[in-house]
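To keep things clear, I will list the structure first and then write my remarks on it.
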Amino acid sequence: MQENDIKQLLTILKLNYPATYRDMSIEDRRALVNLWMDAFGGLDVAVVGQALKNYIKANKYPPTIAGMQEQIDLLIGSDNTDELWRLLMKAIRNSGRYAKEEFYKLPPECQEFVGSPAELRDLGNTDRSTINTVTRGQFYNRVKVIKERRKAQEQLPDKVRQALNGALQIGGTKK
């Protein structure tokens, strides 16, 4: 999304919530454009535009960044935890001879939970009652944290994300 796209979306906000934007200085407008660019610049303008329209239809007050992000998340959607567990179980069942292939077919959240193809193979050799109780409980708890961390990282501006990834690689703590 380009800066002009952001300005058009903010014009829609100004038309729908005139009292909020009436006395806004030029400096504040620039800051608002920059804030929206940082938050949504990497997204498709059609998605953000539709999210804005959905927000306006449902709310009497202008959106915060968090309010817009909620609408965007509703539009884009994401794998739910039950579906992720189903995919992981399928990979565990097929991990005997094909652990590497199965590991790389998994969504990133599942890959992060498992760790490596070798660990997926180990899960395949674990008895089913342990998988269906202990491992499943661990999965549901960890995947929630993994999703939250990924969501927070996705919201970072590209420069900050790259700097953070570089620091993690240099420090040797990247997983």
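Only the coordinates and a few stated rules stand behind these numbers; no lab work does. Quantities reported herein were computed from a predicted structural model and do not represent experimental measurements. Don't worry about glycine lacking a Cβ; one is built from the backbone with ideal geometry, like all the others, and counts go over all protein chains shown.
Axis angle, to the nearest 10 degrees, between helix 81-93 and the longest C-alpha principal axis of the chain: 30 degrees. Within a straight-line Cα-Cα reach of under 30 Å, Lys53 can be paired with the following lysines, leaving aside sequence neighbours fewer than 8 residues apart in one chain: Lys7, Lys14, Lys144, Lys147, Lys151, Lys159.
Rounded to whole Å, the principal axis extents of the Cα atoms in the chain read 66, 39, 23, largest first.
In degrees between 0 and 90, to the nearest 10, how far off the longest principal axis of the chain does helix 95-105 point, with axes built from Cα atoms? Value to nearest ten degrees: 10. In the range 81-171, inverting the average of 1/r over every pair of distinct C-alpha atoms gives 14.2 Å as the Kirkwood radius. Relative contact order for the range 81-171: 27 percent, from Cα pairs under 8 Å spaced at least 6 residues apart, divided by residue count. GNM remark for the chain: springs join alpha carbons under 10 Å apart, and the peak mean-square fluctuation among Val47, Val143, Val134 falls on Val134.
Rounded to the nearest 20, the size of the Cβ-charge dipole of the range 81-171 about its Cα centre is 80 debye, with Lys and Arg at +1 and Asp and Glu at -1. For the chain, the longest principal axis of the alpha carbon atoms and the long axis of helix 65-76 meet at an angle near 50°.
Residue by residue, the range 16-24 carries 3J(HN,Hα) couplings of 8, 10, x, 5, 5, 9, 4, 9, 6 Hz when phi is fed to the Karplus relation 6.51 cos²θ - 1.76 cosθ + 1.60 (θ = phi - 60°); x denotes Gly or Pro.
The spacing between the range 1-72 and the range 80-140, judged by their C-alpha centroids, is 40 Å.
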